[in-house]
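Chemist: Structure provided below as C-alpha coordinates; questions to follow.
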Amino acid sequence: MSKVNFKPINDRVVVKPAPAEEKTKGGIIIPDTAKEQPQMGEIVAVGPGKEDYKMHVKEGDKVLFGKYAGQKFEYNGEEYLVMREDEILAVLN
(Lines give C-alpha, C1' and ligand atoms only; values in the text may rest on other atoms or scores of the structure.)
Protein backbone atom coordinates (compact mmCIF):
# COMPACT_ATOMS: atom_id res chain seq x y z
CA MET A 1 0.00 0.00 0.00
CA SER A 2 1.51 3.31 -1.04
CA LYS A 3 1.63 6.15 1.45
CA VAL A 4 -1.04 8.82 0.90
CA ASN A 5 -0.19 12.48 1.37
CA PHE A 6 -3.36 13.68 3.04
CA LYS A 7 -4.45 13.71 6.68
CA PRO A 8 -8.08 13.60 7.85
CA ILE A 9 -9.16 15.98 10.60
CA ASN A 10 -10.60 15.27 14.05
CA ASP A 11 -11.95 11.72 14.52
CA ARG A 12 -12.06 10.82 10.81
CA VAL A 13 -10.23 8.02 9.03
CA VAL A 14 -9.58 7.30 5.35
CA VAL A 15 -10.25 3.73 4.24
CA LYS A 16 -9.22 2.00 1.01
CA PRO A 17 -12.15 -0.37 0.31
CA ALA A 18 -11.36 -3.99 -0.48
CA PRO A 19 -12.00 -4.91 -4.13
CA ALA A 20 -15.47 -6.26 -4.95
CA GLU A 21 -15.80 -9.96 -5.66
CA GLU A 22 -15.38 -10.83 -9.35
CA LYS A 23 -16.89 -14.34 -9.16
CA THR A 24 -19.33 -16.23 -6.99
CA LYS A 25 -18.20 -19.33 -5.11
CA GLY A 26 -19.77 -21.37 -7.91
CA GLY A 27 -17.59 -19.62 -10.51
CA ILE A 28 -20.20 -17.30 -12.05
CA ILE A 29 -18.68 -13.97 -13.13
CA ILE A 30 -20.46 -10.98 -11.55
CA PRO A 31 -20.98 -7.95 -13.85
CA ASP A 32 -19.91 -4.52 -12.54
CA THR A 33 -23.52 -3.36 -12.19
CA ALA A 34 -24.40 -6.27 -9.87
CA LYS A 35 -21.31 -6.15 -7.62
CA GLU A 36 -22.08 -5.37 -4.01
CA GLN A 37 -20.15 -2.54 -2.39
CA PRO A 38 -17.46 -4.04 -0.14
CA GLN A 39 -17.88 -3.41 3.58
CA MET A 40 -14.29 -4.14 4.46
CA GLY A 41 -11.11 -2.19 3.85
CA GLU A 42 -7.74 -1.00 5.12
CA ILE A 43 -7.14 2.25 6.96
CA VAL A 44 -4.65 4.43 5.08
CA ALA A 45 -4.83 7.64 7.17
CA VAL A 46 -6.04 8.52 10.67
CA GLY A 47 -6.92 11.94 12.08
CA PRO A 48 -5.58 13.14 15.43
CA GLY A 49 -8.89 12.65 17.27
CA LYS A 50 -10.96 15.24 19.09
CA GLU A 51 -10.27 17.03 22.31
CA ASP A 52 -10.05 14.45 25.14
CA TYR A 53 -10.58 11.59 22.65
CA LYS A 54 -7.90 9.09 21.68
CA MET A 55 -8.26 7.26 18.35
CA HIS A 56 -8.59 3.47 18.69
CA VAL A 57 -7.56 2.54 15.13
CA LYS A 58 -4.28 3.02 13.29
CA GLU A 59 -2.98 3.00 9.73
CA GLY A 60 -2.85 -0.51 8.30
CA ASP A 61 -5.79 -1.87 10.34
CA LYS A 62 -8.26 -4.00 8.38
CA VAL A 63 -11.77 -2.89 9.33
CA LEU A 64 -15.45 -3.66 8.79
CA PHE A 65 -17.85 -0.76 8.31
CA GLY A 66 -21.56 -0.27 7.62
CA LYS A 67 -23.00 -0.57 4.14
CA TYR A 68 -23.70 3.16 3.85
CA ALA A 69 -20.79 4.40 5.98
CA GLY A 70 -18.44 7.11 4.82
CA GLN A 71 -18.19 9.46 1.89
CA LYS A 72 -16.57 8.22 -1.33
CA PHE A 73 -13.88 10.23 -3.06
CA GLU A 74 -11.24 9.61 -5.69
CA TYR A 75 -7.58 10.62 -5.36
CA ASN A 76 -4.88 9.88 -7.95
CA GLY A 77 -7.19 7.40 -9.68
CA GLU A 78 -7.86 5.39 -6.48
CA GLU A 79 -11.20 5.23 -4.66
CA TYR A 80 -11.31 5.91 -0.91
CA LEU A 81 -13.88 6.42 1.84
CA VAL A 82 -13.60 9.02 4.58
CA MET A 83 -15.64 8.29 7.70
CA ARG A 84 -15.78 8.96 11.42
CA GLU A 85 -14.13 6.38 13.62
CA ASP A 86 -17.50 5.53 15.20
CA GLU A 87 -18.77 4.30 11.79
CA ILE A 88 -16.26 1.44 11.99
CA LEU A 89 -17.92 -1.71 13.30
CA ALA A 90 -14.86 -3.91 13.96
CA VAL A 91 -11.11 -4.23 13.51
CA LEU A 92 -10.11 -7.56 11.96
CA ASN A 93 -7.17 -9.47 13.47
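Chemist: Looking only at segment 29-39, decide whether some residue is of a type outside the set (D, E, K, R), at pLDDT 90 or above and either under 18 Å from Phe6 (Cα atoms) or under 9 Å from the mean Cα position of the chain (by Cα) (or both).
Modeler: Pass one, segment 29-39, residues of a type outside the set (D, E, K, R): 29-31, 33-34, 37-39.
If we keep only those that are at pLDDT 90 or above as well, we get none.
Within segment 29-39, none of the residues are of a type outside the set (D, E, K, R), at pLDDT 90 or above and either under 18 Å from Phe6 (Cα atoms) or under 9 Å from the mean Cα position of the chain (by Cα) (or both).
Chemist: Continuing with this model, one more query. Identify, please: which residue in segment 1-23 is in a loop (DSSP other than H, G, I, E, B) and over 28 Å from Glu51 (Cα atoms) and is, among those, modelled with the highest pLDDT?
Modeler: Applying the first criterion (in a loop (DSSP other than H, G, I, E, B)) to segment 1-23 yields 1-11, 18-22.
Still in the list and also over 28 Å from Glu51 (Cα atoms): 1-2, 18-22.
Details: Met1: 50, Ser2: 56, Ala18: 86, Pro19: 77, Ala20: 66, Glu21: 62, Glu22: 64.
Result: Ala18.
Chemist: Return the total of residues in segment 74-93 being touching a strand residue (DSSP E or B) at 6+ places or on another chain (Cβ under 6 Å) and exposed (fewer than 14 other Cβ atoms within 10 Å of the Cβ).
Modeler: The total comes to 4.
Chemist: Still on this model: Might you let me know whether segment 41-62 holds any residue that is within 20 Å of Glu74 (Cα to Cα), of a type outside the set (A, V, I, L, M, F, W, C) and at pLDDT below 90?
Modeler: Within segment 41-62, not a single residue is within 20 Å of Glu74 (Cα to Cα), of a type outside the set (A, V, I, L, M, F, W, C) and at pLDDT below 90.
The values are calculated or read from the model by the stated rules, or taken from the named source; none is laboratory data. Computed from a prediction, not measured in an experiment: that's the story for all the values here. All Cβ positions, glycine included, derive from the backbone under ideal geometry; neighbour counts span all protein chains shown.
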